[in-house]
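The values are calculated or read from the model by the stated rules, or taken from the named source; none is laboratory data. These figures come from a predicted structure and were not determined experimentally. So basically every Cβ, Gly included, is an ideal-geometry build from the backbone, and we count neighbours across all protein chains shown. Accessible surface areas use protein heavy atoms only, side chains included; no ligands, DNA or RNA. Shrake-Rupley method; radii C 1.70, N 1.55, O 1.52, S 1.80 Å.
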Amino acid sequence: MRTLVLWVPPPLSPRPARVQGGLVTSSNTPLTGSPRAEVPARVVRPARATTPTSAPARRPLAVDPEADRVVGLVQRLRAHWTRSGADIATRLRPGVEDAQLDAVERQTGLLIPRAVRAWWRAVDGVDPVRTTFRTSAPTVGPGGWVPLRLEDAVARATGQGPGLAAPPALLPVFARDEELIAVRLGSSRAVVEQLVLADDGESYQHAWRTGFEDLLSTWADSLLAAVIWLPDAHDWVTDPFALQALPHAELLD
């Protein structure tokens with residue numbers, strides 16, 4: 001008679017759950033002090049170095065200190081004309097474009113100094129003032145000079161009128177009857193001179209010569225006290241004593 005023996009395997013113990021960073025019990029509570037389970041090593045690849053994309057470099061704007069100073073002087077003159085209520089304050093014509101100035105340079109074959117270009121870019125002459133008794137061109141005040149339009153200046157420089165022609169290589173900027181304040185072309189520095197034209201149209205005399213900026217600055221200084229606007233007469237009056245106290249008084253005659 002054979003005896004049948006049955007083998008029963010021992011009960012399996014519960015296998016602890018594996019979590020990142022250590023072991024937990026079957027109740028999912030941390031097993032404090034238990035050895036860390038081996039976690040497969042994680043390969044961390046270094047970030048690829050990227051070259052920052054820089055914005056395209058902007059070309060610096062052209063700086064022209066001489067032109068900037070002239071613009072500032074024009075603003076000073078405008079402020080004085082407006083404050084006094086002078087006719088010229090409301091009769092100034094808008095400035096011209098660079099293309100028009102370039103065309104004049106091609107026509108004359110000579111460069112216009114930068115300071116004078118800045119003047120015409122800001123002011124292209126004046127419109128006439130019409131009253132009950134007369135029609136006249138408003139003046140800057142000191143000396144009774146009338147700012148010329150670029151078109152009129154070129155006409156006088158080329159002998160096409162109105163008025164007597166300016167001498168060669170001189171471009172009129174301001175006029176007073178047959179007298180001109182003209183700039184010498186072809187020079188980088190803006191030098192202006194007062195010209196008294198002869199009746200024969202061929203000869204002239206110099207009264208003075210100065211820098212264009214000095215002329216505008218002297219005019220602006222004189223408008224503070226020495227040159228006063230009379231609204232009823234639509235004209236300027238000059239205080240001779242205050243005038244003589246100013247530097248470069250000859251530019252105000």
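Between L230 and R106, the FRET efficiency estimated from the beta carbon spacing at R0 = 45 angstrom works out to 0.55.
The stretch 167-187 and the stretch 111-162 have Cα centres lying 11 Å from one another. Taking θ as phi - 60° and the Karplus parameters 6.51, -1.76 and 1.60, the scalar couplings of the stretch 169-178 work out to 6, 10, 10, x, 10, 10, 9, 8, 6, 9 Hz in sequence order, x denoting glycine and proline.
What accessible area per residue comes out for the stretch 127-253, rounded to a whole number of Å², with a 1.4 Å probe?
On the way: 6310 Å² over 127 residues.
Here the residues of the stretch 127-253 average 50 Å² of exposed surface.
Local charge for L111 was computed over the other residues whose Cβ lies under 12 Å away, with Lys and Arg +1 and Asp and Glu -1, and equals +3.
When ranked by the protection proxy of mean other Cβ atoms within 10 Å per residue, highest first, what sequence do the peptides 103-116, 182-195 form? Intermediate values should be presented prior to the final figure.
Values: 103-116: 16.8, 182-195: 18.9.
Descending packing order for the listed peptides: 182-195, 103-116.
For the stretch 89-153, which whole-number percentage of the solvent-accessible area (1.4 Å probe, protein heavy atoms only) is attributable to carbon and sulfur atoms? Using a 1.4 Å probe with all protein chains present, the stretch 89-153 comes out at 48 percent carbon and sulfur. Taking packing as the residue-averaged number of other Cβ atoms within 10 angstrom, the listed peptides 211-224, 147-160 run from highest to lowest as 211-224, 147-160.
In terms of solvent-accessible area of protein heavy atoms at a 1.4 angstrom probe, what is the ranking of T139, T82, T238, highest value first?
Numbers: T139 30, T82 95, T238 65 Å².
The most accessible residue leads, giving T82, T238, T139.
Using a Debye calculation, one point per C-alpha and no hydration shell, please list log10 I(q)/I(0) for the stretch 181-253 at q = 0.20, 0.21, 0.22 Å⁻¹ in order. Rounded to two decimals, the profile gives -0.93, -0.96, -1.00. Site pair R134 and T158 shows an inter-label distance of 3.2 nm when each label is modelled 7 Å from Cα along Cα→Cβ. Extension gain, L243 to R176: 0.36 nm times the residue separation minus the Cα-Cα distance gives 22.1 nm.
Can you tell me the equivalent ellipsoid semi-axes for the stretch 88-166? Use √(5λ) from the Cα gyration tensor, largest first, whole Å. Can you show the working numbers first?
Values: eigenvalues 117, 47, 22 Å².
Each semi-axis is √(5λ); the values are 24, 15, 11 Å.
Rounded if a/c is under 1.5, else prolate if a/b is larger than b/c, else oblate: which is the stretch 104-226, with a ≥ b ≥ c the root eigenvalues of its Cα gyration tensor? Rounded, because the longest to shortest axis ratio a/c is under 1.5. With the whole protein complex present, D199 retains an accessible surface near 150 Å², based on a 1.4 Å probe.
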